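K.L.:
This is the structure I have questions about; it appears just below.
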Amino acid sequence: MNKHNSHSYHGIPGWIYAVASIGGLLVILPLAAMVAKVNWAQFIPLVTSESARTALGLSLRTATASTLLCIVLGVPLALVLARGAFRGQRLLRALVLLPLVLPPVVGGIALLYTFGRQGLLGKSLELAGIQIAFSTTAVVLAQTFVALPFLVVSLEGALRSAGHRYEAVAATLGARPTTVLRRVTLPLVLPGLASGAVLSFARSLGEFGATLTFAGSLEGVTRTLPLEIYLQRETDADAAVALSLVLVAVAMAVVGLSYGRRRSRQGAAL
Amino acid sequence: MIPHLKRNLVALLVAGGLASALTGCGAPAGISSSAGSSSSTGSSSSTGTSSSTGSQLDGPITVFAAASLKAPFTHLAHEFEAKNPGTKVTLSFAGSSDLATQIIQGAPADVFASADTKNMSKLVDAKLLDGAPRNFASNVLEIAVPPGNPASISSFADLAKPGVKVVVCAPQVPCGSAAAAVEKSTGTTLKPVSEESSVTDVLGKVISGEADGGLVYVTDVEANGGKVQGIPFPEASKAVNTYPIAAVGNSKNKALAAAFIALVTGETGQKVLSDAGFGAP
């Protein structure tokens with residue numbers, strides 16, 4: 001947007017750099033300390049053990065499913081929040097964004113009382129023969145619950161900064177709302193949607209508290225990589241550190257991909 | 001301006017989400033810190049007379065104790081402070097392996113009470129203890145079922161029946177290795193729907209009615225009276241967990257640490273522990 005303007009002024013006070021570097025170190029130093037703790041001689045056997053591979057596979061599968069669910073549910077939500085005009089819109093936004101600030105374990109408890117056996121919907125689902133608790137579906141639900149706001153926030157921001165002009169033009173040329181959405185709106189906000197989806201994926205991958213509370217922990221079914229790390233820590237600190245590094249690497253790759261893409265798109269737009 | 005703000009908000013949220021995604025363990029730290037939150041019993045009640053030892057017992061000590069010891073140790077810490085005016089016992093409860101790791105990393109503990117001998121051995125091997133550990137209590141498994149016992153479980157073998165949703169601890173944690181030992185000795189193979197990382201997680205699934213039954217310790221059922229029903233089973237004797245206690249080597253108040261251990265292993269301590277459901281060592 002107005003990136004050029006910000007480049008012309010460099011008057012950041014010196015002390016800001018000092019505080020900023022402390023902030024940066026606070027994040028980077030613990031990660032470096034963890035890397036220093038890795039038992040490299042054992043690294044490959046530790047991260048390729050059967051339980052580790054099962055956990056990583058489950059994590060990647062569930063995070064992919066959650067991301068798709070986030071897109072299916074999050075795109076309409078973001079559209080309604082950005083473009084709609086109705087009473088309670090601000091309240092809806094606040095509620096939808098709540099999982100961002102909620103401790104995941106609270107989310108897990110809430111899900112338990114919704115989809116659990118004795119839960120609000122769980123009882124009817126059980127009668128219909130659908131059991132969610134202790135299943136991979138529960139993992140996907142927990143991840144979607146915590147990751148959905150990331151997609152909604154990213155996309156809503158993109159929708160707002162994109163504005164209505166092209167859509168209005170398309171409408172005056174006779175395009176129907178669904179056509180405008182498909183041919184104009186969504187292509188315009190595609191970068192925002194992509195980075196939102198990547199963030200949802202990263203958040204799903206790191207999900208722990210809600211999964212542990214709601215889905216349980218069973219190898220191959222509900223024990224994702226973060227749960228495996230938590231369990232390995234009990235007996236084998238080396239394995240926990242090695243697996244943590246794998247998770248950091250995957251998260252960094254995912255976020256790096258998103259950031260790089262956003263930058264290049266913005267650069268192209270300018 | 002507005003989109004600018006929005007962008008900043010997104011950046012902020014991204015940073016927050018990234019942090020939790022990167023650690024992958026944002027929540028467990030929260031869980032264990034709530035369980036491991038230090039609680040001080042405060043030094044008040046000057047009713048008790050000075051302790052019979054006569055030596056100057058005063059000052060603070062920190063006791064690291066397994067989470068299952070929360071109720072009896074809180075009681076004993078009050079008792080200790082009442083008997084020895086001027087002392088202050090700070091208690092820190094968490095999983096035994098967490099506590100052992102913390103002490104190895106230099107946490108300032110004076111006394112360590114573990115829920116199993118394995119985690120105490122870590123400190124013995126690291127030569128961090130003052131004297132040998134002493135066993136002061138034991139604990140056995142019990143079946144916990146939701147009130148009303150919906151799956152009509154009455155024996156250990158019932159847990160293996162098809163359709164019964166049973167939750168146990170993972171074999172990596174003490175309650176899980178105890179469950180595995182019982183399975184082995186009885187020749188019964190359980191097909192749990194979940195293998196949790198702690199007794200608390202097992203209890204949570206049973207209390208919420210998500211599971212038909214779970215394997216926890218007798219003392220956990222005792223501490224959650226009303227919310228779960230306990231079903232003792234004779235095979236539990238095949239896996240008895242022994243609780244050792246020891247003074248930590250670099251304690252700044254060795255006399256006080258020794259006095260607290262004496263209280264726990266003595267008559268008063270044993271009475272309080274047995275009231276909480278613990279067995280003799």
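The values are calculated or read from the model by the stated rules, or taken from the named source; none is laboratory data. Keep in mind the model is a prediction, meaning the values are calculated, not measured. Positions of Cβ are backbone-derived with ideal geometry, glycine not excepted, and every protein chain shown enters the neighbour counts. Ligands, DNA and RNA are excluded from the accessible area calculation, which covers all protein heavy atoms including side chains. Shrake-Rupley method; radii C 1.70, N 1.55, O 1.52, S 1.80 Å.
K.L.:
Of the numbered conditions (1) under 20 Å from A:T222 (Cα atoms); (2) in contact (Cβ under 8 Å) with a residue 24 or more places away in the chain; (3) open to solvent by 50 Å² or more (accessible area, probe 1.4 Å), A:L98 satisfies every one except a single condition; which is it?
P.N.:
A:L98 satisfies every listed condition except (1).
K.L.:
Which of (1) open to solvent by less than 20 Å² (accessible area, probe 1.4 Å); (2) within 30 Å of A:V38 (Cα to Cα); (3) more than 8 Å from chain B (Cβ to nearest Cβ); (4) under 23 Å from the mean Cα position of the chain (by Cα) does A:G196 not meet, given it meets every other one?
P.N.:
Among (1) open to solvent by less than 20 Å² (accessible area, probe 1.4 Å); (2) within 30 Å of A:V38 (Cα to Cα); (3) more than 8 Å from chain B (Cβ to nearest Cβ); (4) under 23 Å from the mean Cα position of the chain (by Cα), the lone unmet condition for A:G196 is (2).
K.L.:
Right, something else. Return only the number of the condition from (1) open to solvent by 30 Å² or more (accessible area, probe 1.4 Å); (2) without any contact (Cβ under 8 Å) to a residue 60 or more places away in the chain that A:L181 does not satisfy.
P.N.:
(2)
K.L.:
Where in the range B:180-267 are there strands (runs of 3 or more DSSP E), lying fully within it, with 2 or more residues that are in the same structural domain as B:P108 (by TED's automatic domain parsing) and either more than 21 Å from the chain's Cα centre (by Cα) or in contact (Cβ under 8 Å) with a residue 12 or more places away in the chain (or both)?
P.N.:
Qualifying strands (runs of 3 or more DSSP E): B:241-248.
K.L.:
Among residues belonging to the range A:211-232 that are out of contact with any strand residue (DSSP E or B) (no Cβ under 9 Å at 6 or more places or on another chain) and at the interface with another protein chain (Cβ under 8 Å from one of its Cβ atoms), point out the one that is nearest to A:Q131 (Cα to Cα).
P.N.:
Going through the qualifying residues, I end up with A:T213.
K.L.:
Next up: When B:V218 is evaluated against the numbered criteria (1) more than 26 Å from B:L69 (Cβ to Cβ); (2) in contact with a Phe, Trp or Tyr (Cβ under 9 Å, 6 or more places away or on another chain); (3) not charged (D, E, K, R), which criterion, by number, is the only one it fails?
P.N.:
Looking at each condition in turn, B:V218 falls short on (1).
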